[in-house]
Amino acid sequence: MDTPDDRTVDTSGNTGALAETGSDSAGLLAVGSAAVALLAGGSLLYRRGTAVARR
């Protein structure tokens, strides 16, 4: 049976780089900008709707 002290990890080929996920910065920026615009528009419509309902 293996105990934690008996196991070793081979790090000789470790480059220290993260895996490539396929996302690009420009696409992520565009999606983030669209999300912020939708949230701002939704909050504006919500505030207008509640203001009208109070009258």
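Here, each number is a calculation from the coordinates, and none is a lab measurement. All of these numbers come straight from a predicted model, not from anything done at the bench.
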Mind computing the radius of gyration and Dmax over the alpha-carbon atoms of the chain? Å is fine for both. 25.4, 75
SER25 to ASP6: extension gain in nm, 0.36 nm per residue of separation minus the Cα-Cα distance? 2.5 nm
